[in-house]
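Engineer: The structure under discussion is supplied below as structure tokens; questions concerning it will follow.
The values are calculated or read from the model by the stated rules, or taken from the named source; none is laboratory data. Small disclaimer: the values here were computed from a predicted structure and weren't measured. Here Cβ is always computed from backbone atoms with ideal geometry, including for glycine, and neighbour counts include all displayed protein chains.
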Amino acid sequence: MKILVAVKRVVDHNVRIRVRPDGTGVETTGVRMSMNPFCKHAVEAAVQLAEKGDVSEIVIVSIGPKQSNDVILTALAMGARRGILIETDAALETLTIAKLLAKVVSEEQPDLILLGKQAVDDDSNHVGQMLAALTNRPQATFASQIVVKGAELEVTREVDYGRETISVPLPAVVTADLRLNTPRNAALPMVMKARSKPLAVRPATEFGVDLAPRLRTEKISPPTERVPGKTVGSVSDFAAAVASEVNEMEAL
Amino acid sequence: MSVLLLADHDNGVLSPATARLVAASSALGVVDILVVAENPASIAAEAAKIAGVQKVITVTATPIAETITNSLENLAQRYRNVVASASSVGKDVIPRLAAKLDIQPVTDVVEILSPNRFTRPIYAGNALETVEDPQATHLLTFRASAFRPAASGNTAPVESLDISVTSAAKFLAAHRTDSDTPDLATAQIVIGGGVSVGSAEGFQLIEKLGKTLGAAVGATRAAVDAGYAPNDWQIGQTGKIIAPDLYIAIGISGALQHLAGIQGAKKIFAINSDPEAPLVKIADVALIGDLFEIVPQLVTELERLGLKR
Ligand SMILES: Cc1cc2nc3c(=O)[nH]c(=O)nc-3n(C[C@H](O)[C@H](O)[C@H](O)COP(=O)(O)OP(=O)(O)OC[C@H]3O[C@@H](n4cnc5c(N)ncnc54)[C@H](O)[C@@H]3O)c2cc1C
Ligand SMILES: Cc1cc2nc3c(=O)[nH]c(=O)nc-3n(C[C@H](O)[C@H](O)[C@H](O)COP(=O)(O)OP(=O)(O)OC[C@H]3O[C@@H](n4cnc5c(N)ncnc54)[C@H](O)[C@@H]3O)c2cc1C
């Protein structure tokens with residue numbers, strides 16, 4: 001089985017972001033960047049499948065600026081074989097990302113494509129599903145467990161009512177949720193070795209995909225601040241405050 | 001400007017989010033509802049009662065990404081807007097449909113500014129993005145918690161659409177959390193428990209408080225990962241988004257990924273041993289102390305006050 005994993009470089013999830021005062025976006029200069037956490041779980045899932053033995057190759061692809069090399073190297077250090085950077089400085093929409101990935105899929109012909117279920121910057125939760133449609137493959141999103149059963153996968157998904165298990169025939173697209181596994185921290189020798197693994201850099205403009213956005217972002221604004229409240233001294237004061245809230249609620 | 005709205009349902013019951021989605025979608029045009037289910041009749045009958053619904057269309061099929069997407073695709077040309085809830089189903093199908101129709105979707109909408117201008121949160125709700133969508137057809141998901149429900153009392157006609165939809169993926173099994181607590185995403189009161197609750201048994205304390213108030217019960221990711229609470233209780237960036245009138249957070253630090261899920265709460269109350277916890281800092285009312293001492297006393301106190309909801 002050949003696996004393709006798409007990874008995204010994002011503002012590190014521990015960073016408290018700041019909206020630019022002019023409303024043009026979020027301050028990203030000088031901010032710590034790292035691999036989107038959901039993508040880490042996707043890479044880990046691929047490496048674990050390879051450790052069980054039935055994987056011929058793990059290929060990593062990322063779309064973004066030159067610095068996205070860093071997240072590809074992280075994935076290579078975790079155990080992937082080679083990387084592809086589709087280089088662009090433009091902010092691409094999810095459908096454009098999916099179209100570029102679909103081109104890579106037609107070149108690479110992977111049996112399994114793993115992605116994160118969402119990226120923690122734009123929180124879109126689109127790309128895996130779009131890629132599945134563009135490549136005419138079944139999808140298993142929000143995966144918390146993947147079991148290989150011959151030419152099929154049994155995937156347990158985290159859904160609003162709990163969990164559900166579905167089977168998808170390969171080739172398929174799976175998006176990773178956080179409870180899928182615990183991503184490894186690559187040991188230093190693996191990090192060093194990653195630097196000698198093949199990493200192809202290709203401009204996004206060479207794929208014949210229209211990169212122009214469809215939507216127009218009018219502005220990015222900060223959410224309304226909550227006004228600080230008060231601390232009460234006893235359980236009965238707290239209970240009284242709860243009671244007064246409940247009594248004020250309008251019946252729905 | 002017409003709307004095709006996908007109804008969420010579970011176990012043969014229409015999701016309470018649907019009435020909110022109808023109310024929100026009415027700003028875009030006349031609303032038709034699509035129900036894809038193995039036995040759609042009773043779900044469709046519920047949907048037909050929502051005020052503002054023009055008609056309900058049913059497709060008889062096992063609901064899974066491909067069957068739902070194909071049903072929507074079959075109908076989409078007739079509408080200017082295709083809308084779903086930003087639920088696990090809407091998130092699964094709207095992007096798939098979008099790629100098939102070559103439309104960039106706008107998802108997790110929390111405000112409709114005009115028929116083609118929408119606001120959506122990004123960066124776990126730490127920023128709000130206002131987008132204009134000039135495409136001829138809009139594909140949208142709405143966060144139900146951000147909108148008020150439509151009234152009932154309608155008797156819209158129900159039509160069945162006789163198409164056969166297939167799926168390469170097959171549904172095998174549902175693992176449902178048995179619980180009689182209200183739906184988190186639309187509940188008026190929510191009690192949340194953190195990892196400091198310490199065990200699944202400890203969560204019974206949280207559930208007991210929930211019962212006293214008729215509240216839904218939620219949890220942090222740390223509590224779910226530890227196995228103290230089921231995954232569908234998780235509130236936050238990767239879990240459910242809630243917007244109750246009152247959220248009571250018990251033993252929860254207030255990590256930004258958790259705060260992402262509670263920004264719509266009108267009032268936030270906190271019980272925490274640490275006065276410096278971020279959640280205490282943003283709470284409208286906080287009580288500092290040990291949850292294991294406080295919560296049982298609080299239940300007794302509220303029972304004494306005789307709140308019956
Ligand atoms: C007008 C406009 C303004 C924008 N402004 C900004 C901005 O201010 N800041 C900003 O960061 N972006 C901006 N973008 C970019 C854009 O919103 C997202 O980067 C892009 O749509 C991907 O969304 P997502 O990461 O939320 O996708 P999701 O669907 O949430 O991602 C799911 C998964 O898809 C894969 N994936 C996603 N993106 C990539 C990628 N680039 N390479 C490889 N795999 C990937 C990963 O596996 C990821 O886990 C803007 C775009 C437009 C059109
Ligand atoms: C990509 C990503 C996505 C995430 N998504 C989510 C998400 O959707 N939802 C989510 O919740 N988290 C999410 N997280 C995790 C999040 O960062 C935090 O780790 C988590 O919310 C912390 O949970 P907690 O408050 O229960 O635990 P802690 O942060 O450990 O806080 C425990 C709190 O309990 C208090 N306490 C301890 N003992 C007592 C006592 N006896 N009485 C009273 N108070 C006590 C402590 O003072 C502390 O404030 C995500 C993380 C990542 C990286």
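Engineer: With the checklist (1) surrounded by 14 or more Cβ atoms within 10 Å (Cβ to Cβ); (2) facing chain B (nearest Cβ under 7 Å) in hand, flag the one item A:Lys230 doesn't pass.
Structural biologist: (1)
Engineer: A further question on this structure: Only one of A:Asp12, A:Asp22 is away from ligand 2 (no atom under 16 Å from the Cβ) and within 30 Å of B:Pro278 (Cβ to Cβ); which? Please lay out each step first, then the result.
Structural biologist: Values: A:Asp12 fails: away from ligand 2 (no atom under 16 Å from the Cβ).
Only one candidate qualifies: A:Asp22.
Engineer: Of everything in the range A:48-105, what is near ligand 1 (Cβ under 10 Å from one of its atoms) and assigned to a strand (DSSP E or B)? Give them in sequence order.
Structural biologist: Scanning the range A:48-105 gives A:Ile60, A:Val61, A:Ser62, A:Ile63, A:Gly64, A:Ile84, A:Leu85, A:Ile86.
Engineer: Find the strands (runs of 3 or more DSSP E) located wholly in the range B:81-140 whose residues include 3 or more that are closer than 20 Å to B:Lys240 by Cβ and out of contact with any Gly (no Cβ under 6 Å at 6 or more places or on another chain), and list them.
Structural biologist: B:106-109, B:117-122
Engineer: Only one of these is outside the structural domain of B:Phe147 (by TED's automatic domain parsing), assigned to a loop (DSSP other than H, G, I, E, B), charged (D, E, K, R) and surrounded by fewer than 21 Cβ atoms within 10 Å (Cβ to Cβ): B:Glu207, B:Glu276. Name it.
Structural biologist: Criteria check complete, one pass: B:Glu276.
Engineer: Looking for something within 14 Å of chain A (Cβ to nearest Cβ), more than 20 Å from B:Ser164 (Cα to Cα) and within 14 Å of ligand 1 (Cβ to nearest atom) - is there at least one such residue anywhere in the range B:72-87?
Structural biologist: Yes, the range B:72-87 has at least one match.
Engineer: A further question on this structure: Here is a list: A:Glu158, A:Glu206, A:Glu152, A:Glu164. Which entry is within 11 Å of chain B (Cβ to nearest Cβ) and over 28 Å from B:Thr107 (Cβ atoms)?
Structural biologist: Going through A:Glu158, A:Glu206, A:Glu152, A:Glu164 in turn, just one is within 11 Å of chain B (Cβ to nearest Cβ) and over 28 Å from B:Thr107 (Cβ atoms): A:Glu152.
Engineer: Separate question: B:Gln257 fails exactly one of the following numbered conditions: (1) more than 9 Å from chain A (Cβ to nearest Cβ); (2) within 16 Å of ligand 1 (Cβ to nearest atom). What is the number of that condition?
Structural biologist: Against the list (1) more than 9 Å from chain A (Cβ to nearest Cβ); (2) within 16 Å of ligand 1 (Cβ to nearest atom), B:Gln257 comes up short only on (1).
Engineer: Exactly one of (1) at pLDDT 95 or above; (2) buried (at least 23 other Cβ atoms within 10 Å of the Cβ); (3) small (Gly, Ala, Ser) is unmet by B:Ala173. Its number?
Structural biologist: Here B:Ala173 meets the rest and fails (2).
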